[in-house]
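Note sheet for the following structure.
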Amino acid sequence: MNGTDVYLVTGGAGFIGSAVIRKLVEQTNVSVVNLDKLTYAGNLDSLASVSDSPRYAFEQADICDAEAARSIFAEYQPTAVLHLAAESHVDRSIDSPLGFVQANLVGTFTLLEETRRYWNRLGEAGRKAFRFVHVSTDEVFGSLGETGYFSEETPYRPNSPYSATKAGSDHLVRAWHHTYGLPTIISNCSNNYGPYQFPEKLIPLVLLNALAAKALPVYGTGDNVRDWLYVDDHADALLTMLRDGEPGESYAVGGSNEVTNLEVVRRICTLVDELVPDGRGSSRTELIEFVEDRPGHDQRYAIDPSKIRNELGWCPSESFDTGLRKTVEWYLANPLWCERVRSGAYRGERLGLAATGGGK
Ligand code: NAD
């Protein structure tokens with residue numbers, strides 16, 4: 001490791017964490033330590049392009065393991081922490097909430113405590129320059145009706161076990177700043193999409209099913225609205241916050257791309273029809289199947305990103321159309337990655353119906 005700045009990235013083998021690490025190694029001089037437990041969602045294949053770099057190191061560890069975290073801090077002496085490790089899938093949180101409490105709450109608490117212990121021993125300049133960026137979600141704010149936007153001022157009203165544990169972790173981070181002075185920053189970001197996303201999430205699931213001529217499940221009537229952000233734009237936002245953000249502040253991050261779930265599925269079908277015609281002249285939209293809605297499904301999420309745009313000068317570079325095309329092209333060019341992640345614990349089963357007695 002020879003970069004002056006050393007960032008400890010937790011959850012770096014996941015979808016967003018790997019995008020952050022690829023960007024750091026390929027586009028900056030920062031050295032990166034990736035702390036990841038490698039759950040079903042973690043995949044080192046996503047880091048193949050940077051894993052040989054002398055500025056990259058991997059440590060397989062659980063953020064709930066204080067001793068492991070302590071020795072990683074001692075060995076690498078990071079100048080910042082980017083905390084992404086979490087259980088992240090809402091449907092899984094409905095079936096098995098305990099793992100979410102453990103990873104997202106106990107894990108964040110443990111990491112905060114180990115960060116604080118390390119940070120307290122730094123010299124004054126090191127303490128001042130240090131940052132702990134906590135990567136959270138807009139889902140902590142609950143659900144919107146047809147109008148309005150989430151911002152940094154929106155009260156917390158989490159509705160799912162996932163968002164409740166993320167909300168709790170945000171509160172811990174906030175308290176560690178106010179009580180102990182740890183220089184923390186919180187990001188509350190909308191739905192991400194892009195290359196290397198685990199194929200249980202909507203966009204890769206629909207895309208891979210469309211290619212395999214399998215049913216395309218749409219929850220309820222498909223009218224739930226999400227604000228989509230291309231993953232590399234999110235990675236940019238996180239690094240901007242780390243560099244220029246104000247400790248103690250939070251930033252709402254979104255792509256200003258509000259689309260209903262049904263429209264997302266239709267646009268994927270249109271792209272797949274264009275890039276891989278099925279030979280019979282029919283459209284993949286014929287594969288759409290409306291299935292039982294997710295229990296407690298939030299209706300609409302939308303972000304007002306004025307603060308990060310105006311104060312830090314960040315703005316996304318992809319529209320939903322350009323980002324979705326890039327995403328579809330990436331999955332088409334990387335069937336091996338898809339095959340390898342799909343052969344793991346995930347078997348493409350329907351998750352998240354435990355509350356209604358359906359599902360597995
Ligand atoms: P992901 O599920 O793809 O990756 C999570 C990573 O964390 C995996 O590599 C996994 O192995 C690791 N991990 C899980 N538990 C761990 C533990 N106890 N110790 C160490 N590592 C552990 O998730 P993602 O989509 O990349 O999301 C990353 C972060 O961003 C999460 O905190 C999530 O809440 C947040 N977020 C995600 C989105 C989104 O749309 N995906 C939007 C906003 C915020």
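The values are calculated or read from the model by the stated rules, or taken from the named source; none is laboratory data. Just so we're clear, the structure is a prediction, and the values are computed from it rather than from any experiment. No Cβ is skipped: glycine too gets one built from the backbone with ideal geometry, and neighbour counts run over all protein chains shown. Keep in mind that these areas ignore ligands, DNA and RNA; they rest on the heavy atoms of the full protein, side chains included. Shrake-Rupley method; radii C 1.70, N 1.55, O 1.52, S 1.80 Å.
Tabulated results
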item	result
Flagged links, alpha-carbon separation over 26 Å, of 37/128; 166/326; 37/201; 37/326	37/128; 166/326; 37/326
Fluctuation leader among 331, 230, 301 - the chain, Gaussian network, Cα springs under 10 angstrom	331
The chain, Rg to Rh (Cα coordinates; Rh as Kirkwood inverse mean 1/r)	0.96
Between 0 and 90°, nearest 10: helix 66-76 axis offset from the chain longest Cα axis	70
The range 50-98: radius of gyration and largest Cα-Cα distance (Dmax), Å	14.4, 41
Net charge dipole size for the chain [Lys, Arg +1 and Asp, Glu -1 on Cβ; Debye, nearest 20]	500
All-pairs alpha carbon distance profile, the range 50-151, 10 Å steps from 0, percent	12, 36, 31, 16, 5, 0
Rounded to the nearest 10 Å², the accessible area of residue 23 at probe 1.4 Å	30
Modelled FRET efficiency - R0 41 Å, residue 315 with residue 71, Cβ distances, 0.05 increments	0.55
Fluctuation leader among 310, 43, 120 - the chain, Gaussian network, Cα springs under 10 angstrom	310
Angle in degrees between helix 161-180 and the longest Cα principal axis of the chain, rounded to the nearest 10	20
Estimated 222 nm signal from helices in the chain, with DSSP H stretches of n ≥ 4 weighted -39500 (n - 2.57), rounded to 500	-12000 deg cm²/dmol
Shape box of the range 196-343 [Cα atoms, principal axes, largest first, Å]	54, 34, 28
